[in-house]
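Written below as structure tokens is the structure these notes are about.
We did not get these values from a lab; they are worked out from the coordinates using the rules stated. Note that the structure is predicted; figures quoted are calculated from it, not measured. With ideal geometry, Cβ positions are generated from the backbone for all residues, glycine too; neighbour counts draw on all protein chains shown.
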């Protein structure tokens with residue numbers, strides 16, 4: 001996978017605000033926030049330092065199930081994920097793999113492959129001023 005396979009967007013907000021805005025956008029869209037994976041906390045438990053870095057796992061069975069039924073290997077990339085991290089310069093970014101392209105590579109039919117794109121577009125709106 002190349003950098004072109006990653007959508008990274010600078011947030012207009014600091015890390016904590018970005019994380020909460022993204023989580024709120026997920027909830028407001030009627031999606032389920034399945035898990036927050038706090039990499040910084042894991043690093044601290046191992047005695048290591050890491051800038052704030054959290055991955056949110058989100059989606060909805062109504063959207064993902066038909067896709068996984070069409071191509072079982074799509075389950076490797078679902079639920080959706082978004083990385084929220086603070087860069088070395090103190091700015092916050094969000095990043096994700098554009099799911100439509102990922103699903104097409106997994107053999108998901110075109111009619112279903114773009115079905116989850118709106119669930120990622122809400123993330124971009126959440127980090128705007």
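Here are some notes:
- Hey, residue 50 closer than 20 Å to residue 15 by Cα, more than 17 Å from the chain's Cα centre (by Cα) and surrounded by 15 or more Cβ atoms within 10 Å (Cβ to Cβ) or not: yes
- Qualifying position, being in contact with a strand residue (DSSP E or B) (Cβ under 8 Å, 6 or more places away or on another chain) and in contact (Cβ under 8 Å) with a residue 40 or more places away in the chain, among 112, 80: 80
- Search result, residues across segment 87-97 that are touching a strand residue (DSSP E or B) at 6+ places or on another chain (Cβ under 7 Å) and more than 16 Å from residue 76 (Cβ to Cβ): 87, 91, 92, 93, 94, 95
- Taking the listed residues 108, 102, the one that is assigned to a loop (DSSP other than H, G, I, E, B), in contact with a helix residue (DSSP H, G or I) (Cβ under 8 Å, 6 or more places away or on another chain) and buried (at least 17 other Cβ atoms within 10 Å of the Cβ) is 108, with no other qualifying.
- Hits in segment 111-129 (condition: in a helix (DSSP H, G or I) and either under 11 Å from the mean Cα position of the chain (by Cα) or surrounded by 15 or more Cβ atoms within 10 Å (Cβ to Cβ) (or both)): 112, 113, 119, 120, 121, 122, 123, 124, 126
- From the list 80, 33, 10, the one residue that fits, being surrounded by 16 or more Cβ atoms within 10 Å (Cβ to Cβ), under 17 Å from the mean Cα position of the chain (by Cα) and under 22 Å from residue 128 (Cα atoms), is 80.
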